[in-house]
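Just below is one structure, and these are the notes that go with it.
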Amino acid sequence: MNLLLGTTNPGKLREILSILGDIPGIRWLTPAEVPVPDVPETGRTFLENALLKARTVAAATGHATLAEDSGLEVDALGGAPGVQSARYAGDPPDYAANNAQLLATLAGVTDRRARFRTVAALALPDGRVWTTEGVLEGRIADAPRGPGGFGYDPLFIPAGETRTLAELSPEEKNALSHRRRALEGLRPVLIQLAAESPGSDLCF
């Protein structure tokens, strides 16, 4: 069974494949092989954006589609940057600029509590939809640390850790990440679909 990943973000592609790539009977495809339409993220929540992307790509391609929307919520900022996480410092998205903007906004703030949130949505052309959510609690560091990860990983220290996500190995990060927690919720669905559709061209 062929499955198409509905994201062009290379960091997300790597993490999704490392988390779900062991499901038997699935051949993973990426947008480099099966182009997907660009879907503006106009939703007000992660759930709205994930559903918008999944349903739009499913309708445009005729393939089942998995999409996800993720972001950082900082308590002292009322949940910002939230759905604007990727473009917090403006458009086009720039990881370093976003991190610098966040640190500048939090200058002098002692409450550094924050969380990463991921909502994943699986939409089939026949209208069936599944959604799952994953949350990772933590806090914002005073300065970027670590060479790994992407996005806000150099600034985010998971609860119970002293290292940022960017200081963890990919295996350590994936073991506790918000993305893993959301995607693992879809594992039983994907296993069932793969078993029901051996050799088919079902994609997500």
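Summary table
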{"item": "Highest-MSF residue in the chain out of ALA97, ALA182, ALA114 [GNM, Cα springs under 10 Å]", "result": "ALA97"}
{"item": "Fully extended contour minus Cα-Cα distance, from GLU171 to ARG113, at 0.36 nm per residue", "result": "18.5 nm"}
{"item": "Cβ-based net charge around ASP69, under 12 Å, with every Lys or Arg adding one and every Asp or Glu removing one", "result": "+1"}
{"item": "Degrees separating the helix 10-20 axis from the principal Cα axis of the chain, which is the longest one", "result": "60 degrees"}
{"item": "Per-residue HN-Hα couplings for segment 183-191 [Karplus 6.51, -1.76, 1.60; θ = phi - 60°; Hz; x = Gly/Pro]", "result": "5, 4, x, 8, 3, x, 5, 5, 4"}
{"item": "Relative contact order, percent, segment 1-66 [alpha-carbon distance under 8 Å, six or more residues apart]", "result": "40 percent"}
{"item": "Ascending count of other beta-carbon atoms within 10 Å, so fewest first, for TYR152, TYR88", "result": "TYR88, TYR152"}
{"item": "The chain - percent relative contact order, Cα under 8 Å, separation 6 or more", "result": "25 percent"}
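The numbers here are math on the coordinates, done by the rules we state, and not lab data. Note that the structure is predicted; figures quoted are calculated from it, not measured. Every residue, glycine as well, gets a Cβ built from its backbone with ideal geometry; the counts of neighbours run over all protein chains shown.
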